[in-house]
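Below you'll find the structure, written out as structure tokens, and then a few comments.
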Amino acid sequence: MSPVSETYWGIPGYVIFWVLFAIAFGLFAQRFYFLFRLMLLGRKENRFDQIGERIKAMLVEVIPQWCTLKTVTRKDLAGLGHALLFWCFSLFFISYIIFIGLAGGFGLSTYIEQTPFETVYFSILDFAAVLVTLTLIVAAIRRYILRVPRLEPSVEAGIILMMVFSLMALHVLGVGFDHASRGVHGSWPPLGAALANYLSKTGLSQTTLETVSRGLWWLHYLVILSFMVYIPRSKHLHILASLVNAFFKPLGPKVVLEPIPLEALEAPEGSVTLGASKIEDLTWKDLLDLYACAVCGRCHVNCPAQLTGKTLSPRELIHNLKEYLLDVGPGLLASKAKPSAESQAEITVKSMIGGAITEDEIWACTTCGACQEVCPVNIEHIRKIIELRRNLVLEQSKMPESGQLMLRNMQQRGHPWAGVQSMRLRGDWTSELDVKILAEGDTIHTLFWVGCTGALVERNVKATLAMARILKAARVDFGVLGDAETCCGDPARRTGYEFQFQMMAEQNIEMFKSFGIKEIITTCPHCYNTMKHEYPRYGGDFKVIHYTEFLNDLIKKSKLKLPHPLNASLTYHDACYLGRYNDIYNEPRQILKAIPQARLVEMERSKEMGFCCGGGGGLMWIEEQPGTTKINQMRLEDVLKTKAETVVTACPYCLQMFEDAIDHKNLKDSLKAKDLIELVEEALKKS
Ligand code: SF4
Ligand code: SF4
């Protein structure tokens, strides 16, 4: 019989059970409602499309725990422990509904207790309890003794570890005392039965066994309820929020930047905020992200800015924004309910930029996406940083000086590079080849979009020429825009100068349409990403192809043969905007495999875990924080460890960054940086 059906000090157990539940649930719901209202302070954003797809994506991620298993490496097995904890704890959660809720609270114990179902389920729980306890021990050792850098040895984490451990212990103790008090002697569930057998030999009286059994049952119930109350008040809010976040995660491109309506420019000053200067300028999804953070620190230890000594840490960014929301949120809610000048003044005291996050942090991000890649709970860091940049640039006219020059160039010359000589090169490269330069009235199906760096920077022009020659060798009918080609807008967008981006995107789209262009091949992953994922929002639906996809396809179809052996050891650097942003990992490697005698040596940090070159997010033109290691130099160390003779990439930015790093280390004689296209041409030339 369930302890709930007893009477305690004249009060029926059911009354105690439900009163305790009502108090705990009330506290849970109160906090939950508060957090929900805070979240709704954020701007509107539609993430309610493709509901079926979203449910599928959530289940596929959460049930098999792909979200944490994807982060398991030889050096960090914590994701495995987390997955075990999730599966085992889910079994316990179901057991609380059945054996405490239904059997206890709803009086169904006669149908549930002492049945074969109970024995089997409790036996499974015994194994789960052992696994959970072992996982907790390892987690505590890593956090408090080994002090793994990505984990904070916080009191909060300690409380949760203790609570979960006490739930495991109370389960085993409860079954043991219950069986002993009822005189049940068996072998299953193994731990409970062994304890019961031991207790029955200790000579404890029947009354003691029954009293302890009842006491343990109620204690177990109290710990479960406390857990429910504590979760939304602690960082373990992520247990709930991460499930919801998995539902609302981006289903298309991984980084979704919302356009700013151009009408916002016309709005009276102060009536519309451009970008985010206040927490409520972020969207509700951005605020949900803050709740979902488990403070696991995976982003912290994979962020190139953090690893090279910059002040930016994506973990701290999210944590500080959450603290800021919890700090100013109640005031914002109060001022919403009763808008008065006083309450408005109160909530603007502490600003988000400069308070929760500094300008240095905002400008240190390369938008490489490493943080988002490893985040087990689908947090979108990059768009928050871009929103903050937008505010700095568009409203406060603040930007590092080097970046300002780049934006001025974009406005005046249509590209981010300085210098008239560079400008001349744009026209020069086409004169070396018989390439069709599109003129008014022409139409063409396939455009070779060269990109600013490929057209204007001398080193990259070599790769561009190689690409054009290969396209011709493969008899591809294509055209180029020549001097009419401007920037795709990527550097402006990543640095927050949204209107410049939108203007360029619209102009380019119009031009593409005027030439009847259907397909765009580009060598630049930044142009590729922008045109493929961001132009469609402005009416530009073209088939955008990166040259690695295009050439790999030609090689597979035997339309392009690479007969000339390249007797060299190579290492391939995954450009962030090609790899992490677009999952193009295999194509470049398959091309390398097709080159006879090319020996590929992988860097330790490669593919999804690849390390940024330091040039993305507009940082190609922005000085890194003084006194810190340059990101390209740190990446060069990875290259040097492979002992390869050539570092290969498929991105003009990365090529530039490697050239600079090699130059800086005076390694020009022993290490070469090449674009993959140059290797393809070498392998193609002689037979
Ligand atoms: S995008 Fe890259 S640089 Fe920016 S916070 Fe994330 S990991 Fe760090
Ligand atoms: S943002 Fe993601 S990866 Fe970073 S600490 Fe939070 S949960 Fe971990």
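Things worth noting here:
- Any chance His319 is surrounded by fewer than 21 Cβ atoms within 10 Å (Cβ to Cβ) and within 16 Å of ligand 2 (Cβ to nearest atom): yes
- Against the conditions (1) more than 16 Å from ligand 2 (Cβ to nearest atom); (2) at positive phi; (3) at pLDDT 95 or above; (4) not hydroxyl-bearing (Ser, Thr, Tyr), Trp363 satisfies every one except (2).
- Taken together, the residues in region 261-307 that are basic (Lys, Arg) and either within 16 Å of ligand 1 (Cβ to nearest atom) or buried (at least 19 other Cβ atoms within 10 Å of the Cβ) (or both) amount to 2.
- Residue within region 456-465 that is under 21 Å from Met410 (Cβ atoms), part of a strand (DSSP E or B), free of Cβ contacts under 8 Å to residues at least 60 places away in the same chain and β-branched (Val, Ile, Thr) present: no
- Among the residues of region 505-521, those identified as in contact with a helix residue (DSSP H, G or I) (Cβ under 8 Å, 6 or more places away or on another chain) and within 21 Å of Ala439 (Cβ to Cβ) are Asn508, Ile509, Met511, Ile520, Ile521.
- Hey, Ala78 crowded, with 19+ Cβ neighbours inside 10 Å and under 22 Å from the mean Cα position of the chain (by Cα) or not: yes
- Residues being among the acidic types (Asp, Glu), part of a loop (DSSP other than H, G, I, E, B) and farther than 20 Å from Trp363 by Cα - total across region 592-646: 3
- The residues listed here are Arg142, Arg182, Arg147; of these, the one that is in the same structural domain as Val223 (by TED's automatic domain parsing), buried (at least 17 other Cβ atoms within 10 Å of the Cβ) and farther than 25 Å from Phe21 by Cα is Arg142.
- Leu619 being among the hydrophobic types (A, V, I, L, M, F, W, C), assigned by TED's automatic domain parsing to the domain that holds Met657 and over 22 Å from the mean Cα position of the chain (by Cα): no
- The condition (being among the aliphatic types (A, V, I, L, M), closer than 30 Å to Pro314 by Cα and in contact with a helix residue (DSSP H, G or I) (Cβ under 6 Å, 6 or more places away or on another chain)) is satisfied by just one residue among Leu131, Leu108, Leu146, Leu151: Leu151.
- Scope region 656-687; condition within 25 Å of Ala594 (Cβ to Cβ) and of a type outside the set (A, V, I, L, M, F, W, C); matching residues: Lys672, Lys674, Asp675, Glu678, Glu681, Glu682, Lys685, Lys686, Ser687
- Test for Leu204: is it away from ligand 2 (no atom under 16 Å from the Cβ) and either surrounded by 19 or more Cβ atoms within 10 Å (Cβ to Cβ) or outside any helix (DSSP H, G or I) (or both): yes
- Residue within region 534-541 that is crowded, with 20+ Cβ neighbours inside 10 Å and assigned to a helix (DSSP H, G or I) present: yes
- Test set (1) within 16 Å of ligand 2 (Cβ to nearest atom); (2) touching a residue at least 60 places away in the same chain (Cβ under 8 Å); (3) in a helix (DSSP H, G or I); (4) over 30 Å from Met531 (Cβ atoms) - Cys296 fails condition number: (3)
One line per residue, one yes/no per condition, for (1) modelled with pLDDT of 95 or more; (2) buried (at least 21 other Cβ atoms within 10 Å of the Cβ); (3) assigned by TED's automatic domain parsing to the domain that holds Trp417:
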| site | (1), (2), (3) |
| --- | --- |
| Thr571 | yes, yes, no |
| Leu578 | yes, yes, no |
| Asn586 | yes, no, no |
| Glu602 | yes, no, no |
| Gly610 | yes, yes, no |
| Gln625 | no, no, no |
| Leu640 | yes, no, no |
| Pro652 | yes, yes, no |
| Met657 | yes, yes, no |
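The values are calculated or read from the model by the stated rules, or taken from the named source; none is laboratory data. Predicted, not measured: the structure shown is a model, and the values here were computed from it. Virtual Cβ from ideal backbone geometry, glycine too; neighbours counted across all protein chains shown.
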